[in-house]
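**Student:** Before I ask anything, let me first share the structure, which is written out below as structure tokens.
The values are calculated or read from the model by the stated rules, or taken from the named source; none is laboratory data. Given the structure is predicted, the values throughout are model-derived calculations rather than measurements. For neighbour counting, all protein chains shown are included, and Cβ atoms are generated from backbone atoms with ideal geometry for every residue, glycine included. In case anyone asks, the SASA skips ligands and DNA or RNA and just uses the protein heavy atoms, side chains included. Shrake-Rupley method; radii C 1.70, N 1.55, O 1.52, S 1.80 Å.
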Amino acid sequence: ELTDFFKCDFNEGVFITPVSAVVCADYDEITSTNNTFNIKLPSSTGYYTYPITLTTGSPNVLGLVADLQAQCTATTFNYYNGSTVVSLTITVSFESLYNYIRFTLSATPSTVIFDFSVANNCGQVVGFKPLVYTYTSTNVVNGDFAPDVSRLSEIYIYSDTITVNNYTQYSNDSFSNMDNTQILFSIPVNASTG
């Protein structure tokens, strides 16, 4: 989409004093419609199912990782290793080099299932498709793609009222001095953490 920015000719200048600004949250809201998934670990007769429910709100990706870690810490994970039931812990981290969330298990069960096919799943928020992911003999689960950490690619700075004060109108330039364009400039959002 073409965006018109405020323009000056090369021999003109504009001095702007910011008075106030509002910047929206840049992370998708986590609500009851996108906050759940299941982790399944082997039992002697099938699987233990551990539902994980994210806290509603609008965290950045580091806040999301902290919330996932808190949910995993609060859950007692058990799995059947072929002879007995043993427990494991799950550590959650954000791999900023490749922009994905990593789940590291303290043990290597024969099968680990991350189920993002459940109703109200948080797959897109966490970086997975709405599928059932089955892993065999691994203790590291990486996100399928970069989590949806930011809806914004840039922040536009604009004025809803520009006060005209002490300017000279040049009639021989290609720009009008106060051209009623509200967008002054933009700032790119390129931090991997949103």
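**Student:** Looking only at region 112-125, how many residues end up being within 17 Å of the chain's Cα centre (by Cα) and open to solvent by less than 20 Å² (accessible area, probe 1.4 Å)?
**Tutor:** Residues flagged as within 17 Å of the chain's Cα centre (by Cα) and open to solvent by less than 20 Å² (accessible area, probe 1.4 Å) within region 112-125 amount to 4.
**Student:** Looking at T89, is it open to solvent by 30 Å² or more (accessible area, probe 1.4 Å), closer than 23 Å to E29 by Cα and of a type in the set (V, I, T)?
**Tutor:** In short, no.
**Student:** Continuing with this model, one more query. Restricting to region 90-111, name every residue that is over 24 Å from the mean Cα position of the chain (by Cα) and among the β-branched types (V, I, T).
**Tutor:** Hits for region 90-111 are T108, T111.
**Student:** Tell me, which strands (runs of 3 or more DSSP E) lie completely within region 53-106 with 3 or more residues that are in contact with a Ser or Thr (Cβ under 9 Å, 6 or more places away or on another chain) and among the aromatic types (F, W, Y)?
**Tutor:** Hits in region 53-106: 77-80.
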